[in-house]
Amino acid sequence: ALEYARAILAGSILQVANTAIKMYSPGGQVTEQCRSLGISENSPLANMCVGREVHNIPIGLLIYAGRIQYNHWEEGEPNNIVAKNVFRHLISVYYDNMAFDLAYELNYPQTRPVSHYIVRLELNWKSFDYYSKDMRSILA
């Protein structure tokens, strides 16, 4: 129950961050990494290619993918190709980490939300100050 509570709170934070980026971000540059995750120059998701990079992924895309998975976790692996590619990339990052290698296997051992992993471990949002610093840099 505690894991679900964490995921619900984290998912809500991702939802707010995603909405702020969609509404107020000046947009980012579609880098090679963004293209490899399924985003083209004229894609509406190009504005999510913003913020510092974590594992070579702009945090705007981590926010986006985490929000998608949070809102549709009962369905297992996301149908959204960009979110699916972000999670596949995260799986590859943790491939050799025996303690965390299955964290982003979204259908194993059962479907579950993982938004709390995105917020805490990938974005490193341990307090409002961390969140605020990232969002201010994205929305500036």
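The values are calculated or read from the model by the stated rules, or taken from the named source; none is laboratory data. Quantities reported herein were computed from a predicted structural model and do not represent experimental measurements. Heads up, the Cβs are rebuilt from the backbone with ideal geometry, glycines too, and the neighbour counts pull from every protein chain shown. Side chains included, ligands, DNA and RNA excluded: accessible areas come from the protein's heavy atoms. Shrake-Rupley method; radii C 1.70, N 1.55, O 1.52, S 1.80 Å.
Structure values in brief
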item: Whether region 1-52 is rounded, prolate or oblate, judged on the alpha carbon gyration tensor where a/c under 1.5 counts as rounded; result: prolate
item: Positive-end residue of 114, 99, 28, charge dipole of the chain with Cβ unit charges; result: 28
item: Around residue 120: net Lys/Arg minus Asp/Glu count, Cβ-Cβ under 14 Å; result: -1
item: Solvent-accessible area per residue, Å², over region 1-120 with all protein chains present [probe radius 1.4 Å]; result: 52 Å²
item: Degrees separating the helix 2-24 axis from the principal Cα axis of the chain, which is the longest one; result: 10 degrees
item: Fraction of accessible area attributable to carbon and sulfur, region 1-102 (%, probe 1.4 Å); result: 55 percent
item: Lys, Arg +1 and Asp, Glu -1 on Cβ, resulting dipole of region 2-140 about Cα centre, debye, nearest 20; result: 380 debye
item: Cα gyration tensor, region 17-140 - rounded (a/c under 1.5), prolate or oblate; result: prolate
item: Inter-probe distance in nm under a simple model that places probes 7 Å from Cα toward Cβ, at residue 110 and residue 88; result: 2.8 nm
